[in-house]
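Notes to accompany the following structure.
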C-alpha cells in the first residue's frame with residue numbers, strides 16, 4: 001500500500017511539473033523515460049514500518065539527534081569498574097527523570113555498548129547534494145567559485161608535539177612550572193620502573 005501511494009504521488013508530482021532533473025538524470029524530463037525509470041520500483045519489495053510517535057515528530061528528532069554525534073555513554077556517567085563490574089549513572093524517565101546508579105558485569109556492559117556500534121559499511125549520517133562524499137572537494141570549490149568567494153586557505157598542520165597541541169587547545173603549558181609559573185620544566189632523567197624479581201624456589 002505504501003509503495004503504491006508513494007509512486008502514485010510521485011507520478012502526480014511529475015505530471016504537475018513539480019519534479020526537476022539535473023545532470024545524468026536530465027533525460028527523465030521525458031514522460032516515457034520517466035515511466036521506464038520508475039517501472040522497476042513497482043516490482044521491488046518495500047519493507048516499511050511507520051508508527052506515529054507518542055509525543056510527536058519533535059520528540060523523535062530530539063531522541064535521534066542525541067545519537068548522531070555522541071557515543072552510547074559519556075565518560076562522566078561512568079562511576080567505577082571493580083571486581084569485573086561496571087557502575088554508571090542512568091536517568092530513569094519513568095521515575096521523574098531521577099538519576100540512579102546501575103551495576104553490570106563487564107561482559108554485559110560491553111555487549112550493551114556494542115549494540116550502539118554501527119555494522120561495517122553503515123553510516124550514521126549520510127550527506128547529499130554538494131556535501132555528499134563523492135567529489136565533495138570539487139563541488140565545494142565550484143560553489144565558492146559561483147558565489148565569488150575567495151579561495152579557502154589550506155588548514156595549517158597541527159603541532160606534532162603533544163605538549164604544543166595541549167597548549168593550543170587549552171592555553172595551558174605543560175612546560176611551565178605549575179608552582180612558580182616562570183620556570184621551564186626540563187626533563188633531566190627518566191626513572192625506570194623497578195623490576196620485580198620473583199623468588200626462585202629451592203628445588204634441592
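The values are calculated or read from the model by the stated rules, or taken from the named source; none is laboratory data. Owing to the predicted nature of the structure, the values given are computational and were not obtained by experimental measurement. Every residue, glycine as well, gets a Cβ built from its backbone with ideal geometry; the counts of neighbours run over all protein chains shown.
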Margin query: What's the total number of residues in the stretch 101-132 that are surrounded by 10 or more Cβ atoms within 10 Å (Cβ to Cβ) and either touching a strand residue (DSSP E or B) at 6+ places or on another chain (Cβ under 7 Å) or in a loop (DSSP other than H, G, I, E, B) (or both)?
Written below: 11
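Scan the stretch 168-182 and tell me whether some residue there is at pLDDT below 75 and either in a loop (DSSP other than H, G, I, E, B) or touching a helix residue (DSSP H, G or I) at 6+ places or on another chain (Cβ under 6 Å) (or both).
So the first thing to find is which residues in the stretch 168-182 are at pLDDT below 75, and the list is none.
No: the stretch 168-182 contains no residue that is at pLDDT below 75 and either in a loop (DSSP other than H, G, I, E, B) or touching a helix residue (DSSP H, G or I) at 6+ places or on another chain (Cβ under 6 Å) (or both).
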Item checked: Candidates 34, 88, filtered to the one that is more than 26 Å from the chain's Cα centre (by Cα), without any contact (Cβ under 8 Å) to a residue 60 or more places away in the chain and surrounded by 10 or more Cβ atoms within 10 Å (Cβ to Cβ) -> 34
Checklist line | Filtered residue count, the stretch 91-100, keeping only those that are within 19 Å of residue 59 (Cβ to Cβ) and in a strand (DSSP E or B) | finding: 2
Checklist line | Positions within the stretch 63-85 being within 25 Å of the chain's Cα centre (by Cα) and part of a strand (DSSP E or B), in sequence order | finding: 78, 79
Next item on the list: Give me a count of the residues in the stretch 133-155 that are out of contact with any helix residue (DSSP H, G or I) (no Cβ under 7 Å at 6 or more places or on another chain) and not in a loop (DSSP other than H, G, I, E, B).
Entry: 9
Checklist line | Pairs where the first residue, in the stretch 141-161, is within 24 Å of residue 129 (Cβ to Cβ) and the second is at pLDDT 70 or above and assigned to a loop (DSSP other than H, G, I, E, B), C-beta under 9 Å, 6+ apart | finding: 141/151; 143/149; 144/150; 144/151; 145/151
Note to self: Could you check the stretch 45-85 and list, in sequence order, the residues that are touching a helix residue (DSSP H, G or I) at 6+ places or on another chain (Cβ under 7 Å), surrounded by fewer than 11 Cβ atoms within 10 Å (Cβ to Cβ) and assigned by TED's automatic domain parsing to the domain that holds residue 103?
What the structure shows: 84
Next item on the list: Being under 15 Å from residue 32 (Cβ atoms) and at pLDDT 90 or above is the filter; apply it to the stretch 3-21 and report the residue that is surrounded by the most Cβ atoms within 10 Å (Cβ to Cβ).
Entry: 14
Note to self: Looking at (1) without any contact (Cβ under 8 Å) to a residue 24 or more places away in the chain; (2) touching a helix residue (DSSP H, G or I) at 6+ places or on another chain (Cβ under 8 Å), which one does residue 125 not meet, given that it meets all the others?
What the structure shows: (1)
